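To keep things clear, I will list the structure first and then write my remarks on it.
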Amino acid sequence: MFSLPEEAQLRPHMSIVELKAAIQAVDAFLQVHILDYSINETLSKRAIFFDQLLTQLWQEQQLAPETISLNAVGGYGRQALHPFSDIDICIIHSQPLNKVDGDKVSAFLTQLWDLNLDLGHGVRTLDDTLDACKDDVTIATSLLEIRHLVGNEQHQQQVLDALYGNALWTSQRFFSAKKDEQQQRHLKAGGTAYSIEPNLKNSPGGIRDIQTLAWVSRKHFNAQDMHAVRSQGFFSHDEYAELIECQNVLFRVRFALHQVASRPENRLLLQYQADVAKIMGFGEDSQLEESGNIAIEKMMRQLFRAMKRIRELNQLLMAYFERAILPKKRLTPTPLNEQFEIIDNHIHVRHEDVFIDRTQIMALFELIAIHHDEIVGITPETLRLLRQVRRRLMGDLQDFHACRQQFLSLFQHHQGMGLAITLMHQYGILSAYLPQWREIVGQMQFDLFHAYTVDEHTHKVLKNIARYANSQGNDVATKLASEIYQKMTNKSSLLLGALFHDLAKGRGGDHSELGAVDVLHFAKFHGIKQSQQQLIAWLVKQHLLMSITSQRMDIYDPDVVWRFAKTVGTQARLDALYCLTIADIQATNDDLWNDWKASLIRDLYFATRKALRNGGENVLQLRTVVREHKQEALTLMALDDTGEQHIKALWQKLPISFFSHAEADDIARYSQALIAHKATLPDSKNPFDTLISIDDAVVKGCSDVFVYTKDRAGLFVKLFNTLSALQISVKQAQISRTKDGYVVESFKILDFDEKPIGTQQRRQHIINKLKSVLDNNAKPPKMRLSRQHQSFDNQPNVEFLYSRHSTRSLLSVSALDTHEFMEQIASAFRALELNIHSATISSVGERADNVFLVSNSEGQQLTEAEQQQLSRLLITTINDTDTACSA
C-alpha cells in the first residue's frame, strides 16, 4: 500500500480551507500516479482518506457512540471512491435525536457541504432505516454495502442481519427486482455498449453489471466479493480473472474521466476522450488529429472489449444465479438433433464435446434461426463452451467449407438476421468467421453524426433490413423500402452487401473501394454466382451514392437523374441500393433520419425508376442474369439430352424478359408445363393453344399465375377485365410476346382479401373463368366497384417515355391501385384500338405504377395527336370512374 504525500495528511482541528487543500493534494497525487498503482489500491486509498476525514469531523462533534453511528454505504461503502463520486453515508440512531444531538449532526453535515463534497446522506432511526429498505430496493441495495465508520458498531450488523434475512426482501424477490432493473437499464442504453459515447456505468457491460452480480451474490450467498462466488463453483478461475481485469479497465477509465471532466461524469463524451486517453497512457495528443485518433481508438477498443466480456460473464452468472435462486421444475428437453436440444426456450448442447467439430458452431446459430419461435437465448453451459472454443480457434471459421454453406444459409433464411445474427455479434462469432469483422470490432467513427462503432452500426443496418420483411414502416420512405424488400427475390445479396459496406473502414484509402474488393473475394470463395457477385460488390462500392446524390445534387434536374440512372444500370440494383441506403442512414444516428431526407431519397428512387424504363437499363448485366437463370433452370430440371434439346428449342422462341424477370425455379416450372402442354395439342380442340396455371406455392407473399396463349386483339383487355371482375389484385406482372406469335404472362396476385389464393377450388374457378373469357368469348363477370380507396387522391399520371422500338410507344400510367384501375386502362386502350405488346405491372403502396409497350391500329408508334388523345382519355376515364365510385 502506497503512502499519501505530507500535504495530504490530516491533523486535528483543521480549518475548512486546510481540509480543502488536503483533498486537492490527495486527488492531485492520485492523478499523477494513476498508472503507478493498481486501480483498486487507488480507489481504496481515496476511500480511506475520506474515512479519516469524516471520522475526525464526526468525533469533533462529540456525539454519543452508544446511540448513533456514521456508516459508509454504496460505492463509498465498497471503498470504490472515484474523484467525483458521491460520498454516500447513513447516520443511524437508536432513539429519536434530541435538539442538541440534532444540531450536532446538522453541523457535521454542514462542514461536509462547506468542503464542496457531493454528499448522499440519510439520517434515520434503525427502524426507519429498515422500513426504507423494505419499501425501496435501491435503498436496500445501497445498505447491503454498509461499512461502519464510527459510533455504534451494532447498527451495521443489525442492518445486514435484516437484509440477509427474508423479512425485508426474500432472495427471490430481490433477484427479480435486480434482473428487471438491469433489463430496463440496458433497454434505456439501446441494448449496446458500442456507442461512440458509452456510459461506463449503465451501458450493457458497464460497472453496474458487475455490481448487480455482487449484490445478488451478497444477498443470496452471503458472498462478500466475487472471489467468494468463485469458491462456490459458479465460475472458473479464468473467468474470475477475466472479470476482475475487465473491471479494472472500466475503473481506470472512469477515474480518468472524472479527473478530465471535473464532475461525476459517466458518459465518455467525445470531448473528453483525447484527454482520458492521454491520462491512460495511450498517447500524448489532445486534439482529434491523426495521432490523437489512434490514441483514442486504442483506448476505446480496449474499453469496448472489456465491456463485451463483462456483459458475457454477467449473462453467464445471472443465468446460473437464477437457477439457484428461482429453481424451476426440470423441463423435458426437446431434441433438435444429436448435438443440440431446447430446454426452457434456450438452446443447449447435448454433450460437452460438441464444438470439437467447428462446424457445429455455425450449426448452433442456424438452428436458432430455424427454431426462432421456440428459442430466446443460449443456456449458460452452452455459452461457456462457446467462449472456450472461441479462444481455441486456430483459424477463421470460414476456412471450413461446411461453415461457408451454413453462413450463406443463415443469410438466406428469413429469420437469419433475427436473434441468430445478434448473438453471433454479441458472442464474437462474426469475428471468428470474418477477419474483416474482427478488425472493426470497437472501431470508432470520428465524426459528428455516427452514434455507434462500425460493427454495431453494421449490425443495426442488418437488423433494419430484416425488419422490412414484416414491417410497413413509420414514414413513406421506410414503407417503400419494406414493399420493395418483400418483393425482392435475392434478399441475401442485399444483406451481404450490407454486411460488407463499412468493413474496410480504418484501413486507409476509400473504404467503399476496398470493401468492394473484399466482398468480391468473399463471394468467389463462398461460391456465389457471378451476377450476385457483381450486385454485392457494386452495392458495397456505391453504398453512399444514393445518399450523396439526394442530399448534394439537384435530384429534380433530369441530367442528374439520368447520370445517376446510368451508374445504377438496372432496376434490381436500384431496389437493393434504396433499401441499403434507408437502412444505413437509420442505423447511423437516431436523430439523423427525418422526413426531408426520406422524401428526397424516395423522389430520387421514383425518378430513377422512370429513367431506367426510358432506356437506362444495362443490357450486359441483364444478359448475365439471363444466362445464369437458364443454367440454373436446366440444373433444376435434370433432363436427359433429348429433353434438354426440347427445352432449348422452346427457349429460342421466348422473349428475354421471360428469363430476366423470373427466378430459375419459375423458369423450370413454366418450361416443363409448356412442354407438357405442347405434347397434348394433337388431342386438343383449343384453337388458341391456351395454357393457364396457378401454382399453389406462395411467391413473394402472392400467388403465382402463368398464362401462355396465341396473341390476338383485345387479349390484354379481356385478361385484366376478368381478373378485376373476380376482385383479383395484380401486384406484379410481366407480359411479352414470343417470336412465334404467342404471349407469355406471369403474374403475382392477391385475392379479394389481400391474401394469396387459398384453396384449389378458388384457383380452378379463376382458371375456368379466364379460359372461358379468353378462348370462348364469354363476357367477363360483372365488375364490383370498390370504395376502399375513396379517401385517397386519385389524380392519375400519364407519361410517354423514350422507346427504342421504331414501331412501338412506351407509356407509363400510375394511379390508385384499385380493382377498377386495370378496367379503366383497358377501356381506354379498347376505345382507341391499341395493341399491347408488353406490360410491366407493379404496385407501390396505395398506387399502381405500370408501363406498357403499345402500337396503334396500324401497328405503328402513336403520333403526337394520338398520344394527347390517349392521355386525355385515360385521365378522364380514371377520374370519372373514381367520381362515380365516390358518389
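Compute the distribution of all C-alpha to C-alpha distances in the range 173-325, in bins of 10 Å from 0, and list the percent of pairs in each, rounded to whole numbers.
P(r) over the range 173-325, rounded to whole percents: 11, 38, 31, 15, 4, 0.
Among the GluC sites (Glu not before Pro) in the range 198-292, which ones are in a DSSP loop with at most 12 other Cβ atoms within 10 Å of the Cβ? Mind listing them? Display every interim value, and only then the final one.
Working: sites: GLU239, GLU242, GLU245, GLU265, GLU284, GLU289, GLU290; in loops: GLU265, GLU284, GLU289.
Listed in order of number, the matching sites are GLU284, GLU289.
Residue-wise, which Karplus ³J(HN,Hα) couplings in Hz belong to the range 576-589, taking 6.51 cos²θ - 1.76 cosθ + 1.60, θ = phi - 60°, and x for glycine or proline?
Running phi through 6.51 cos²θ - 1.76 cosθ + 1.60 with θ = phi - 60° gives 5, 5, 4, 4, 5, 4, 4, 4, 5, 5, 5, 8, 7, 7 Hz.
From the helices alone, meaning DSSP H stretches of at least four residues, give me the mean residue ellipticity at 222 nm for the chain, per-run term -39500 (n - 2.57), in deg cm²/dmol to the nearest 500.
Numbers: 36 runs with 479 residues, N = 887.
One gets -17000 deg cm²/dmol as the mean residue ellipticity at 222 nm.
Determine the sum of side-chain charges near ASP740: Lys and Arg each +1, Asp and Glu each -1, restricted to other residues whose C-beta is under 11 angstrom from that of ASP740. Can you show the working numbers first?
On the way: positive: LYS653, LYS710, ARG737, LYS739; negative: ASP689, ASP711.
Within the 11 Å Cβ shell, the charges total +2.
Show the residues, 5+ positions off or on another chain, whose built amide H is closer than 5 Å to the amide H of THR738.
Residues meeting the amide H criterion: VAL743, VAL744.
Neighbouring Cβ atoms within 10 Å as the yardstick, rank VAL707, VAL376, VAL461 fewest first. Write down the numbers at each step before the final one.
Values: VAL707 22, VAL376 13, VAL461 26.
Placing the least packed residue first, the sequence is VAL376, VAL707, VAL461.
Starting from the 7 Å offset along Cα-to-Cβ, what nm value, one decimal, do you get for the label separation of ARG627 and GLN232?
6.8 nm
Between SER838 and residues 5 or more places away or on another chain, which pairs have amide H atoms under 5 Å apart, with H built 1.01 Å from N, and which residues are they?
It is LEU853, by chain and number.
Between LYS755 and THR110, what length comes free when the chain is fully extended (0.36 nm per residue of separation minus the Cα-Cα distance, one decimal in nm)? Don't skip to the answer; put the middle values down first.
On the way: separation 645, 0.36 × 645 = 232.20 nm, distance 7.30 nm.
Roughly 224.9 nm would be gained on extension.
Under a crude label model (7 Å from the Cα following the beta-carbon direction), how far is TYR556 from GLN172 in nanometres?
In this crude label model, TYR556 to GLN172 measures out at 6.7 nm.
Starting from the Cα-Cα distance between ASP373 and GLN52, subtract it from 0.36 nm times their residue separation and give me the gain in nm to one decimal.
Working: separation 321, 0.36 × 321 = 115.56 nm, distance 5.81 nm.
Residue separation times 0.36 nm, minus the Cα-Cα distance, leaves 109.7 nm.
Take ARG147, project a point 7 Å from its Cα along the Cβ direction, then tell me which residues of the range 187-211 have their backbone nitrogen under 18 Å from it.
208, 210-211
What is the sum of charges around PRO335, taking Lys and Arg as +1, Asp and Glu as -1, for the other residues whose C-beta is under 14 Å from the C-beta of PRO335?
On the way: positive: ARG350; negative: GLU338, GLU341, GLU374.
After counting each charged neighbour, the total is -2.
Please report, in Å, the Rg and the Dmax of the range 329-433, where both are computed over Cα atoms only.
Every Cα atom of the range 329-433 included, Rg and Dmax give 12.8, 42 Å.
Which number comes out as Rg/Rh for the range 471-563 once both Rg and the Kirkwood Rh are worked out on C-alpha atoms? List each step's numbers first, then the result.
On the way: Rg = 15.1 Å, Rh = 14.8 Å.
With Rg and the Kirkwood Rh in hand, the quotient comes to 1.02.
If you consider only alpha-carbon coordinates, what radius of gyration and Dmax does the range 618-675 have, in Å?
Considering the range 618-675 through its Cα atoms, Rg and Dmax are 10.8, 34 Å.
Residue by residue, what Karplus-based ³J(HN,Hα) values in Hz, rounded to whole numbers, does the range 184-193 have, using 6.51, -1.76 and 1.60 with θ = phi - 60° and x for Gly and Pro?
Using θ = phi - 60°, the values come out as 5, 5, 5, 4, 5, 7, x, x, 8, 8 Hz.
Could you work out the mean projected area of the convex hull around the alpha carbons of the chain, in square nanometres to one decimal?
Working: hull surface 186.9 nm².
So the mean shadow area of the Cα hull is 46.7 nm².
Only sites in a loop by DSSP and with at most 16 other Cβ atoms within 10 Å count here; which trypsin sites (Lys or Arg not before Pro) in the range 562-659 make the cut?
When the trypsin sites (Lys or Arg not before Pro) of the range 562-659 are filtered for loop state and at most 16 Cβ neighbours within 10 Å, LYS653 remain.
Which FRET efficiency value, to the nearest 0.05, is calculated for ALA241 and LEU119 with the Förster distance at 41 angstrom and r the Cβ-Cβ distance?
Numbers: r = 36 Å, r/R0 = 0.87.
The value I calculate is 0.70.
Can you sort TYR802, TYR578 so the residue with the fewest Cβ neighbours within 10 Å comes first? Let's see the in-between values first.
Numbers: TYR802 10, TYR578 25.
Going from sparsest to densest Cβ surroundings: TYR802, TYR578.
Which FRET efficiency, nearest 0.05, do GLU7 and HIS33 yield, Cβ-Cβ r, R0 22 Å?
Numbers: r = 15 Å, r/R0 = 0.66.
Between GLU7 and HIS33 the formula returns 0.90.
Across the range 512-527, in residue order, what do the Karplus-derived ³J(HN,Hα) couplings come to in whole Hz, using 6.51 cos²θ - 1.76 cosθ + 1.60 with θ = phi - 60° and x for Gly and Pro?
Once θ is set to phi - 60°, the couplings for the range 512-527 become 5, 5, 5, x, 5, 5, 4, 6, 5, 5, 4, 5, 5, 4, 8, x Hz.
Taking the convex hull of the Cα atoms, report for the range 568-660 its projected area averaged over all directions, in nm².
Working: hull surface 32.2 nm².
Projected area, direction-averaged: 8.1 nm².
The numbers here are math on the coordinates, done by the rules we state, and not lab data. Quick caveat: nothing in here was measured; it's all calculated off a predicted structure. When we count neighbours, we look across all protein chains shown, and the Cβ atoms used for this are built from the backbone with ideal geometry, even at glycine.
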